[in-house]
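The values are calculated or read from the model by the stated rules, or taken from the named source; none is laboratory data. This is a predicted model, so every value here is computed, not measured. Don't worry about glycine lacking a Cβ; one is built from the backbone with ideal geometry, like all the others, and counts go over all protein chains shown.
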Amino acid sequence: MADKSILVVGGGMAGISAALEAAEVGHHVTLVERNPYLGGRVAQMYHYFPKLCPPSCGLEINYKRLKKNPKIRVLTQAEVTAVSGQEGAFKVEVKVQPRHVNSKCTCCGKCAEACTLEVDNPFNYNMNKMKAAYLPHPNAFPQHYVLHPDLVQDAALAKTVADACEFGAIDLDEKERTETLEVGAVVWANGWDPFDPKDVEYYRFGQHRNVITNVMMERLAAQDGPTAGKILRPSDGQPPKHVVFVQCAGSRDENHLAYCSGICCLASLKQATYVREQYPDSKVTICYIDIRTPDRLEDFYVKVQQDEGVELIKSKIADITESPETGEVTLNGEDTLGNKRFSATADLVVLATGIVPNRAPFELKVDDYGFALDAQPDGHFPAGCMMRPEEVSSTVQDGTAAALRAIQSIAR
């Protein structure tokens, strides 16, 4: 008899949608996420386009649905390491890393107050430090603190932190464990990573202080980000007067990402509004190959384009340099519409990097770009940005579709 339970791998929007849809029609679901929180890249966003509203509202609704549904089991800091069996009867090995904080946690923050060790903050793309006893972000689900491995290795400090907890929520003896799950179908919603522009030599990302990426810009604008929502130059913490967005930073390039990720133009248009809202006297330049804003989102492009403080230049940037004394960034390229060379100086440069699909530990069938194909071995159903670059609403639809296909699979 087929196992009626479903495994969902990945706790971003596609994975959450798949888990909820399957569980709310009666199936037991295990949702596995490698981070200590759910929400994926969406949780790191400041605003959606085109409404420019925060994603926290939609996430909170989904978190409430997860909390009240006894058929959903969530495993964070967990990764699938092996899959065997067949449709209706899979065995899956899941490695779970210790959080060292259990469900008794009330988020009082006393552990963080007692912790003197600071580590890089991955939620803010390492642009700032955080306490090694930390809540991943203010709206994190589950709403429990986490102890960083570096803290646990410091026995004396770890004991001090544990003693500060009045509720016995800290377990310093918790170990890594492996669980074996038996499920009837697997939904793969592993999500994506931003392209690393360090691979594009002429951008010199990582060498220039005031050259950042679009995902970093999203965190700079967020109130819970590294600068409390103020868009500031990393080199000196000053407001930028001129911000240049460089589109297709590695994308549509046979040497890097040969494809268009579809959402980068809209992300830069959105982030241009962040700059203009904070600094009405600022100037924004968007250097693009083509502006791509499909269907209903064309109006958003037109609205931003009408802002007198925003200039769009059709140019492929060929070189970026930065003054070590002033932090001023110089960009060189070609204005292809004006048929002339283009050069500009800026206080801050934002590279619009594309979407790189995460791979699954199970060998899914992929296309030439590494995205999972729709047709997979029986019982395996990919969803979201591991299939194609997508904006949020499409990943939600993908998650729902994958849940339906998984239910049909185990009903056969």
Taking the range 26-40 only, how many residues are part of a strand (DSSP E or B) and either hydroxyl-bearing (S, T, Y) or surrounded by fewer than 24 Cβ atoms within 10 Å (Cβ to Cβ) (or both)? 1
With the range 76-138 as the region, which strands (runs of 3 or more DSSP E) entirely inside it contain at least 3 residues that are within 30 Å of V211 (Cβ to Cβ) and polar (S, T, N, Q)? none
Flag if Q305 is without any contact (Cβ under 8 Å) to a residue 60 or more places away in the chain and of a type outside the set (V, I, T): yes
Taking the criterion of being farther than 19 Å from N210 by Cα, crowded, with 18+ Cβ neighbours inside 10 Å and modelled with pLDDT of 95 or more, would at least one residue in the range 274-287 satisfy it? no
As an exercise: evaluate D199 against (1) out of contact with any Cys (no Cβ under 6 Å at 6 or more places or on another chain); (2) modelled with pLDDT of 95 or more and give the number of the one condition it does not meet. (2)
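A quick yes/no check of all residues on (1) crowded, with 22+ Cβ neighbours inside 10 Å; (2) among the polar types (S, T, N, Q); (3) touching a residue at least 24 places away in the same chain (Cβ under 8 Å):
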{"site": "P138", "(1), (2), (3)": "no, no, yes"}
{"site": "A169", "(1), (2), (3)": "no, no, yes"}
{"site": "L172", "(1), (2), (3)": "no, no, yes"}
{"site": "T178", "(1), (2), (3)": "no, yes, yes"}
{"site": "Y202", "(1), (2), (3)": "no, no, yes"}
{"site": "M217", "(1), (2), (3)": "yes, no, yes"}
Give the residues of the range 337-367 that are β-branched (V, I, T) and closer than 30 Å to C385 by Cβ, sorted by residue number. V349, V350, T353, I355, V356, V366
Return the residues of the range 336-386 that are among the basic types (K, R) and not in a loop (DSSP other than H, G, I, E, B); say none if nothing qualifies. K340, R341
Have a look at L312, L364 and point out the one that is buried (at least 18 other Cβ atoms within 10 Å of the Cβ) and assigned by TED's automatic domain parsing to the domain that holds S251. L312
Conditions (1) surrounded by 19 or more Cβ atoms within 10 Å (Cβ to Cβ); (2) farther than 25 Å from T293 by Cα; (3) not β-branched (V, I, T); (4) not assigned by TED's automatic domain parsing to the domain that holds V42: number failed by F342: (2)
Please state which one of A19, A14, A43, A23 is crowded, with 16+ Cβ neighbours inside 10 Å and farther than 16 Å from V186 by Cβ. A43
